[in-house]
Amino acid sequence: MQELIEEFINRRVWAVVGASQNPAKYGYKIVQDLTAAGYKVYPVNPKGGEIEGIQVYRSLRELPEKPEVVDIVVPPQVTEEVVKECRELGLTRIWMQPGAESEAAIRYCEENGMQVVYGVCAMLNKKRWEE
């Protein structure tokens, strides 16, 4: 999986599904951390709004460009629906944050030709992009 992690973190445009406006939640911390590291981050949450001045999109379909990696930080049963949406949109690099994965979601990705990283945190594996 380390090779896949390296391939993912070398992609600069990410969507974070499960982004949160609550600074105590990982959906907030991941957006902040990846943004600070120089990634272009599109937060996604059905509630919309903003996180520290960054527009939050209500769905992956609303994004202005196709993200190279979709980072998922939602409950496992929601992840199972998100990966189906990713497939419909042709998004093939899926990172399931610890606690977001399920065997069904992982299997779905593998059976549908999607690359999937799980069991490791994106914040601990990111790279720093120089502006």
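The values are calculated or read from the model by the stated rules, or taken from the named source; none is laboratory data. This structure is a prediction, so every number in the text was calculated from the model and none was measured. Heads up, the Cβs are rebuilt from the backbone with ideal geometry, glycines too, and the neighbour counts pull from every protein chain shown.
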Evaluation of Ile72 against (1) farther than 20 Å from Gln115 by Cα; (2) at pLDDT 95 or above; (3) among the aliphatic types (A, V, I, L, M) (one fails), failing number = (1)
query = Considering segment 29-46 alone, what residues qualify as being crowded, with 20+ Cβ neighbours inside 10 Å and not in a loop (DSSP other than H, G, I, E, B)?
reply = Ile30, Val31, Leu34, Val41, Tyr42, Pro43, Val44
key: Output for segment 83-99, where each listed residue is of a type outside the set (Lys, Arg), under 22 Å from Lys29 (Cα atoms) and surrounded by fewer than 23 Cβ atoms within 10 Å (Cβ to Cβ)   = Pro98, Gly99
key: Matching residues, segment 48-58, being touching a residue at least 24 places away in the same chain (Cβ under 8 Å) and in a loop (DSSP other than H, G, I, E, B)   = Gly49, Val56
task = Only one of these is within 18 Å of Ala122 (Cβ to Cβ) and out of contact with any strand residue (DSSP E or B) (no Cβ under 8 Å at 6 or more places or on another chain): Gly18, Gly38, Gly90. Name it.
result = Gly38
remark   = If we ask which residues in segment 94-105 are in contact (Cβ under 8 Å) with a residue 60 or more places away in the chain and either touching a helix residue (DSSP H, G or I) at 6+ places or on another chain (Cβ under 6 Å) or of a type in the set (Asp, Glu) (or both), their number turns out to be 2
Candidate set: segment 17-28, residues that are in a loop (DSSP other than H, G, I, E, B) and in contact with a helix residue (DSSP H, G or I) (Cβ under 9 Å, 6 or more places away or on another chain); chosen: the one surrounded by the most Cβ atoms within 10 Å (Cβ to Cβ) = Ala19
